[in-house]
Amino acid sequence: MSAITTVIFDMFNTIAQDGTDLWRQTFSAIIEEQELDTTPEALRHAWDYGAGNFRDRRTAPGAPFISYLDGWAHAFAEAFIELNLTGDAMAASQRSIDDLGTRPLFPDSVEALSILGQSRRLAVISNADDAYLNPVVARVPVSLGAVISSEALRCYKPDRRLFDAAVGQLGVQPAECAYVGDRQFEDVMGSRSVGMTAIWINRFDRPADSDLPTPDAEIRDLLELPDVLDKLG
């Protein structure tokens, strides 16, 4: 295996936090702002159905590109109908986008990225709209050689075009890249499709899906990464 000179990261739930409690705060804010007669749990449950459909549709072969802003607005519109609420679906989606832009970095991210940045190129590929990805990227304390969003390329991981764009911008070969992400489908399968080393960051100890590609390594936090890269490379 070639020496790993470049590490490319997913953003949310890899470098930056995006957990259930943070989303509950967003749904609470939407309910308060729009004076909706429901609970954060009920709204999230109803919204999840539409959001799940959006997630499935966006990676279907030949599917037209839909941004998160528009996809989530549609999910909120369906949720409001299901809950018999009169709400502003686009405003609810915009609140979600705004809140995502404030997501904090994981405590291990700052130290790990600082260590890795001393000897390797670093980059980000994220399924995200630029409106919320860029504010989080701005808080990353290291230089990134490329930041590739699904909105910019109008496609979603695991589409290989995102990974091809990153290696093109960085001027490297896929074999010298490791990709680190929290999802087997989008991250492990996507990076494997172009010949990158795939590292699954499994922060929440989720069971592996045997129907999806097995990662080259599995870690629980980013501070494990320098040693793992040395062994893999």
*Ordering of 131-139, 3-11 by packing [mean C-beta count within 10 Å, highest first]*: 3-11, 131-139
*asked:* With a 10 Å cut-off between alpha carbons and a GNM built on the chain, which of 37, 18, 130 moves the most?
replied: 37
*Which value in Å is the Kirkwood Rh of the chain over different Cα pairs?*
18.4
*Let me have the 222 nm mean residue ellipticity of the chain computed from DSSP H runs of 4+ only, each contributing -39500 (n - 2.57), with the sum over all residues rounded to the nearest 500.*
-13500 deg cm²/dmol
_Under the rule a/c < 1.5 gives rounded, and otherwise a/b versus b/c splits prolate from oblate, where does segment 112-196 land using the Cα gyration tensor?_
oblate
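So with the 1.4 Å probe, I'd like the accessible area per residue for segment 100-154, rounded to whole Å². Mind dumping the intermediate values first?
Details: 2280 Å² over 55 residues.
That works out to 42 Å² per residue.
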*Can you grab the distance from the C-alpha centre of segment 38-95 to the C-alpha centre of segment 100-145, Å, no decimals?*
27
*Starting at 0 and stepping by 5 Å, how many percent of the alpha carbon pairs of segment 66-157 end up in each bin?*
3, 13, 18, 19, 16, 12, 9, 5, 3, 2, 0, 0
*In Å, descending, principal axis extents of the Cα set of segment 30-74*: 39, 17, 9
*What is the chain's relative contact order, in percent, from Cα pairs under 8 angstrom and six or more apart in sequence?*
24
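Which of the trypsin sites (Lys or Arg not before Pro) across segment 144-233 are loop residues per DSSP, with 15 or fewer other Cβ within 10 Å?
Values: sites: 154, 160, 161, 183, 192, 203, 220, 231; in loops: 154, 183, 203, 220.
Those satisfying the criteria are 154, 220.
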*Which whole-number percent gives the relative contact order of segment 72-177, counting Cα pairs below 8 Å spaced six or more residues apart?*
21
*Using a 1.4 angstrom probe on heavy atoms only, work out the carbon and sulfur share of the accessible area of segment 60-176 in %.*
52
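The values are calculated or read from the model by the stated rules, or taken from the named source; none is laboratory data. Bear in mind the structure is a predicted one, so any value in this text is a computation, not a measurement. No Cβ is skipped: glycine too gets one built from the backbone with ideal geometry, and neighbour counts run over all protein chains shown. Ligands, DNA and RNA are stripped out before the accessible areas are found, and what is left, the full protein with its side chains, is counted by its heavy atoms. Shrake-Rupley method; radii C 1.70, N 1.55, O 1.52, S 1.80 Å.
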